[in-house]
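Visitor: Got a structure for you, questions after.
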Amino acid sequence: KMTEDIIRAYNVGVDAFMFDNDLEIKKLARHAPEADVILRVYVSNDDAYYKLSTKFGAKPDQAIRLLNKAKKAGLNPIGLTFSSGSQTTSAKGFVEGIQVCKKLFKEAKKEGLSLKVLDMGGGYPVRYNHSVVDAKPIMHEIRKCLDEHFPESLGVEIWAEPGRYICGNAAVLLTT
């Protein structure tokens, strides 16, 4: 995140940010003090067309250290997120992400961190003219995994970012 973007967002009332690393903690603590923060965790997914894990996410073995560092820097760690990629063809990446985050929620609780949000990101496939991907079985498997690892009784907010799934068929733009 560019510093000026953090400042602009914070000045117009954005008070929650995602982060991946130590540098982002430093920038957020300085330019968005006391903001809620969500740590993006690395999850690999070979079934995604765009493998965003090559670009985003802290390794799970660094997660608790980063959450503690964010808290010590005056930020408010509220949850975890992961990206299973984009245009994924199976639930595998989501299931792995949910399982990794469940383990990290437990570790965070032992450290005195009270996480309350799990953001599963995007990646939900849309059927383009040439593809035969059906998102319903993927979503059914995700729901089953969430029921097992994050039942409603835990009180964790589950977020999803289904942008492509909602509007992917609306238009196609070709440019040079």
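The values are calculated or read from the model by the stated rules, or taken from the named source; none is laboratory data. Model, not experiment: these values are computed from the prediction. Note that each Cβ is placed from the backbone with ideal geometry, even for glycine, and that neighbours are counted across all protein chains shown. Note: areas computed on protein heavy atoms with side chains; ligands, DNA, RNA excluded. Shrake-Rupley method; radii C 1.70, N 1.55, O 1.52, S 1.80 Å.
Conditions tested, residue by residue: (1) outside any helix (DSSP H, G or I); (2) more than 30 Å from A70 (Cβ to Cβ); (3) among the acidic types (D, E).
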position: L80; (1), (2), (3): yes, no, no
position: G93; (1), (2), (3): no, no, no
position: C101; (1), (2), (3): no, no, no
position: G112; (1), (2), (3): yes, no, no
position: V126; (1), (2), (3): yes, yes, no
position: K136; (1), (2), (3): no, yes, no
position: E161; (1), (2), (3): yes, no, yes
position: N169; (1), (2), (3): yes, yes, no
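Okay, residues lined up against (1) touching a residue at least 24 places away in the same chain (Cβ under 8 Å); (2) over 24 Å from I25 (Cα atoms); (3) within 13 Å of the chain's Cα centre (by Cα):
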| residue | (1), (2), (3) |
| --- | --- |
| L66 | yes, no, no |
| N76 | yes, no, no |
| F105 | yes, no, no |
| G121 | yes, no, yes |
| E161 | yes, no, yes |
| T175 | no, yes, no |
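Visitor: Given the conditions (1) closer than 23 Å to N21 by Cα; (2) polar (S, T, N, Q); (3) without any contact (Cβ under 8 Å) to a residue 12 or more places away in the chain; (4) part of a loop (DSSP other than H, G, I, E, B), and given that Q62 satisfies all but one, which numbered condition is not satisfied?
Guide: Condition (4) is where Q62 drops out.
Visitor: Okay, moving on. List the strands (runs of 3 or more DSSP E) inside region 1-54, counting only whole elements, that have at least 1 residues being open to solvent by 60 Å² or more (accessible area, probe 1.4 Å), at pLDDT below 95 and not small (G, A, S).
Guide: Working: elements: 16-19, 36-41, 48-50.
Those strands (runs of 3 or more DSSP E) span 48-50.
Visitor: Continuing with this model, one more query. Can you pull out the residues in region 101-160 that are crowded, with 19+ Cβ neighbours inside 10 Å, under 15 Å from A91 (Cβ atoms) and of a type in the set (V, I, T)?
Guide: I138, I142
Visitor: Next up: Quickly run through region 144-159 and pick out the residues that are assigned to a helix (DSSP H, G or I) and within 18 Å of G121 (Cα to Cα). Give the steps one after another, and end with the answer.
Guide: From region 144-159, those assigned to a helix (DSSP H, G or I) are 144-149, 152-154; that's our starting set.
Result: K144, C145, L146, D147, H149.
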